[in-house]
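All remarks here apply to the structure that follows.
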Amino acid sequence: AIYINVLLRWIRATSEPYALGDIRISVLAFADDTAYPSGSDEGVQDTLRKVELWGYHYGNVLHAGKTFVVGNTDPTQTISIPNEIFPERFRDPQRGAVFIEQRGPQATYRYLGFLRTLEDRETAHWDALVERTTKALYNIARIPATPWFTIRMVEAMVSSQITFCAGLVHLSAERLETLENMVCLALTKKIRPGPCWCYDMFRSMGVAGR
């Protein structure tokens with residue numbers, strides 16, 4: 001964090017920001033997760049060059065496999081970093097540069113744990129909710145526990161996943177039914193209660209009114 005503050009101040013002071021009306025944004029950072037909005041491909045290229053130089057100074061290497069550029073239009077130019085300090089697996093042997101993956105507005109990407117798209121954020125958040133709930137139920141099914149404790153885990157973990165996307169996803173009747181069926185199936189396999197009982201338990205969690 002001490003090292004990265006230097007980079008964040010440098011980019012904030014000198015890089016081309018992305019404009020939202022009167023608001024100018026050049027850095028989004030939370031813990032070790034960072035994003036650098038810019039108003040043009042040239043601005044992105046300049047920012048990545050700063051990241052590379054900062055890494056060289058502090059002995060860090062930009063992980064090209066985890067770095068990508070997302071634009072609200074399809075990419076118009078190639079974003080690359082011509083530097084010899086990068087690992088061989090990331091460097092183009094013909095052109096001696098590291099090329100950064102570019103994605104258009106339809107692409108889905110993850111930032112701060114959320115799946116996002118520039119064109120349809122709600123769909124991406126819904127996909128994230130289903131994915132996280134599926135993983136939570138899978139982990140619950142692997143834990144040897146009594147039926148009572150299993151139900152308490154479902155209440156806690158499924159509710160937290162729904163709260164995670166509260167305000168970001170419209171929980172329509174169809175989507176609620178999808179979640180209910182996922183919970184019913186997981187509990188039926190785990191402790192084999194009746195499906196109607198599972199349904200009533202899920203409703204009692206207070207989800208339907210959100």
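The values are calculated or read from the model by the stated rules, or taken from the named source; none is laboratory data. Note that this is a predicted model, so its numbers are computed, not measured. Here the Cβ positions follow ideal geometry from the backbone for every residue, glycine too, while neighbour counts run over all protein chains shown. The area values use the complete protein model at the heavy-atom level, side chains included, leaving out ligands, DNA and RNA. Shrake-Rupley method; radii C 1.70, N 1.55, O 1.52, S 1.80 Å.
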- Item | Odd one out for Thr108 among (1) in contact (Cβ under 8 Å) with a residue 12 or more places away in the chain; (2) under 24 Å from Leu185 (Cα atoms) | (2)
- Are there any pairs, at least 6 apart or on different chains, whose C-beta atoms fall under 6 Å, with the first in region 9-24 and charged (D, E, K, R) and the second not in a helix (DSSP H, G or I), and if so, which? Arg12/Ser26; Arg12/Val27; Glu16/Ser38; Glu16/Gly39; Arg24/Pro17
- Is one or more of the residues making up region 40-59 surrounded by 18 or more Cβ atoms within 10 Å (Cβ to Cβ), in a loop (DSSP other than H, G, I, E, B) and in contact with a helix residue (DSSP H, G or I) (Cβ under 6 Å, 6 or more places away or on another chain)? no
- Of all residues in region 142-156, which are surrounded by 12 or more Cβ atoms within 10 Å (Cβ to Cβ) and of a type in the set (D, E, K, R)? Arg152, Glu155
- Flag if Leu179 is among the aliphatic types (A, V, I, L, M), within 15 Å of Ala128 (Cα to Cα) and at pLDDT 75 or above: yes
- Message: Among the residues in region 85-107, are any out of contact with any strand residue (DSSP E or B) (no Cβ under 6 Å at 6 or more places or on another chain), acidic (Asp, Glu) and either in a strand (DSSP E or B) or at pLDDT 75 or above (or both)?
- Response: no
- Query: Under the condition of being in a helix (DSSP H, G or I) and open to solvent by less than 70 Å² (accessible area, probe 1.4 Å), which residue from region 60-70 is nearest to Val27 (Cα to Cα)?
  - Reply: Ala64
